[in-house]
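Everything below concerns the one structure shown next.
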Amino acid sequence: MPHPIQLAQPPLEFIPPHYNPLVRYMMQVILPVVLRLRLRPWLPTGIAQVETVNVEVLANLYQKFQAGKIRFLIAFRHPEVDDPLCMFHLVSKAVSEIARKKGISLQSPIHSHFIYERGMTLWAGNWLGWLFSGLGGLPIHRGKRLDRIGMKTARDLFANGKIPISVAPEGGTNGHSEIVSPLEPGVAHMGFWCVEDLLKANRTEEVFIVPIYNQYSYINPSWKKLDWLLGKLEADCGLPVQQMSQATLVDREKFFYERLFHLGEHILSQMEKFYDRFNHQSTAIALGASCTQLIATPTDPSASRNQILENRLQTLLDRSLKAAEQFFGLSSEGAVIDRCRRLEAASWDDIYRKDLPDLQTLSPLERGLADWIAEEASLRVLHMRLAESFVAVTGSYVLEKPSFERFAETSLILFDLIARIKGEKSPARPRLGWRKSRITVGEPISVTERWSNYQQSRQAARQAVIDLTQDLQTALEKMIKL
């Protein structure tokens with residue numbers, strides 16, 4: 001498995017936000033080029049268009065914010081790594097344009113602080129931390145029980161910052177433009193904290209959360225490029241490479257679906273065999289009676305095999321997480337994404353050693369043991385990365401709507417998995433055509449109106465957070481353009 005960290009590292013320091021108008025201006029100037037030729041590391045992925053919907057709502061909110069009447073948080077969908085660029089386009093360009101068109105008076109800067117995951121600088125480099133800091137970003141450690149510095153800074157910026165703040169409530173990408181992962185409760189907590197802080201300061205601003213949905217589509221879908229990508233995946237898996245022909249073009253979706261399904265089955269089988277040997281536990285035993293029942297009594301052949309595939313996938317994800325949890329001494333309770341966050345935090349504790357303030361003062365024996373622990377932790381957490389990549393994958397996503405976008409999303413997730421197993425570091429994703437980003441601004445949700453319920457009791461506060469999180473989830477899902 002690829003590129004483990006072999007040496008213990010000093011602790012990850014908090015990177016404070018230092019908004020710099022010059023950094024923002026430079027980013028705004030180069031944004032059109034970066035959107036079209038976003039390099040990873042040297043191949044373009046290509047976003048040729050950014051379509052915005054209902055932006056006037058956001059422009060009006062900025063006007064009220066600048067007048068001291070409201071505070072608001074932007075809760076945006078985060079399906080892919082390109083989302084921050086699209087959001088920057090929305091705030092830096094689209095809002096200004098609609099404001100001029102509608103005669104809405106706004107002051108500069110029209111911008112927002114934003115929260116990013118601290119681990120991004122580990123794979124991208126320290127330059128990203130400098131850039132994000134200059135743009136007003138602040139890092140959060142995912143999975144930590146309480147990132148005191150990060151959350152304190154975010155809370156202060158929400159209540160007192162000169163510009164709003166943006167957060168991805170899903171906590172990470174899922175690779176699917178048409179599936180919203182279960183939201184984490186952090187955004188709802190931040191909303192109520194902001195109301196509380198304003199009331200303590202005898203301030204009257206109303207607090208809102210603004211849902212924003214980002215959805216990608218291909219402008220001119222290239223089925224030939226998709227055929228090439230599936231052929232590459234088949235070759236990597238040791239399967240015969242199928243060729244698209246004139247005959248298959250008649251029922252193109254079925255042809256590609258069967259190839260993708262066969263690929264998924266093969267990869268699942270290989271990974272099950274891997275964990276059978278790694279964990280010394282039979283997949284059949286791990287699957288239990290539910291899968292046996294599905295195999296024995298299928299009601300519909302097509303639906304049954306998809307149910308079985310999804311059942312196998314969920315079992316595999318559970319096994320991969322347990323392989324890491326056993327090493328770190330963690331429980332297997334909670335949803336897949338919650339378990340991933342705990343594992344990430346545990347691995348960082350073993351790699352980025354806060355308990356060893358100065359690694360240079362360690363004896364050779366102590367340093368050797370620290371390096372040994374770091375390397376083991378970095379290897380074990382790779383099991384979590386496998387599960388994290390497939391957290392939103394289902395057996396029916398493509399079947400329900402065999403669009404080019406859904407084929408492409410699922411194929412690229414498989415590409416990422418195989419590239420990781422092959423040991424490729426930061427592989428450049430294949431480019432399947434120019435894409436369009438469609439950003440929809442939803443109706444703002446008032447947190448202030450929910451304060452009376454929140455403050456009644458601890459139980460009422462927990463329920464208010466749950467209700468607000470669910471309402472935000474519903475608002476985002478309603479903006480999916482099918």
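Quick look at the numbers
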quantity	calculated
Label point 7 Å beyond Cα of PHE274 along Cβ direction - residues of the stretch 214-234 with amide nitrogen under 20 Å	230-234
Rg(Cα)/(2.2 N^0.38 Å) for the chain, N = residue count	1.03
Calculated diffusion of the stretch 65-128, Stokes-Einstein form, Kirkwood radius summed over Cα pairs, 20 °C and 1.002 mPa s, µm²/s	153
Inter-centroid distance (Cα atoms) of the stretch 208-278 relative to the stretch 404-482, Å	22
Rounded to whole Hz, the Karplus (6.51, -1.76, 1.60) HN-Hα couplings of the stretch 195-211, x for glycine and proline	4, 4, 5, 5, 5, 5, 8, 6, 9, 10, 4, 8, 9, 10, 10, 10, x
Within the chain, percent of DSSP bridges classed antiparallel, to nearest 5	30
Qualifying lysines (Cα of each under 22 Å from Cα of LYS354; at least 8 residues distant if same chain)	LYS144, LYS152
Rounded, prolate or oblate (a/c below 1.5 giving rounded, otherwise prolate when a/b exceeds b/c) for the stretch 351-482 by Cα gyration tensor	oblate
Accessible area of the chain belonging to carbon and sulfur atoms, whole % at 1.4 Å probe	55
Compactness relative to 2.2 N^0.38 Å, alpha carbon Rg of the stretch 404-482	1.75
FRET efficiency for SER452 and GLU477, using Cβ-Cβ distance with R0 set to 25 Å, rounded to 0.05	0.40
Label-point separation in nm, SER304 to LEU359, each point 7 Å along Cα→Cβ	5.5
All-pairs Cα distance distribution in the stretch 73-189, expressed in whole percent, bin size 10 Å	12, 41, 36, 10, 1
Sequence-distant lysines (8 or more away, or on other chains) whose Cα lies within less than 18 Å of LYS322	LYS273
Hull volume in cubic angstrom per residue (convex hull over the Cα atoms of the stretch 223-422)	153
Backbone N within the stretch 311-350 under 17 Å of label point (7 Å from ARG462 Cα along the Cβ vector)	334-335
Computed lengthening from TRP372 to LEU22, 0.36 nm per intervening residue step minus Cα-Cα distance	121.7 nm
Average accessible area per residue (Å²) across the chain - probe 1.4 Å, nucleic acids and ligands excluded	49
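The values are calculated or read from the model by the stated rules, or taken from the named source; none is laboratory data. Keep in mind the model is a prediction, meaning the values are calculated, not measured. Don't worry about glycine lacking a Cβ; one is built from the backbone with ideal geometry, like all the others, and counts go over all protein chains shown. We work out accessible area using only protein heavy atoms, side chains counted, and drop any ligands, DNA or RNA first. Shrake-Rupley method; radii C 1.70, N 1.55, O 1.52, S 1.80 Å.
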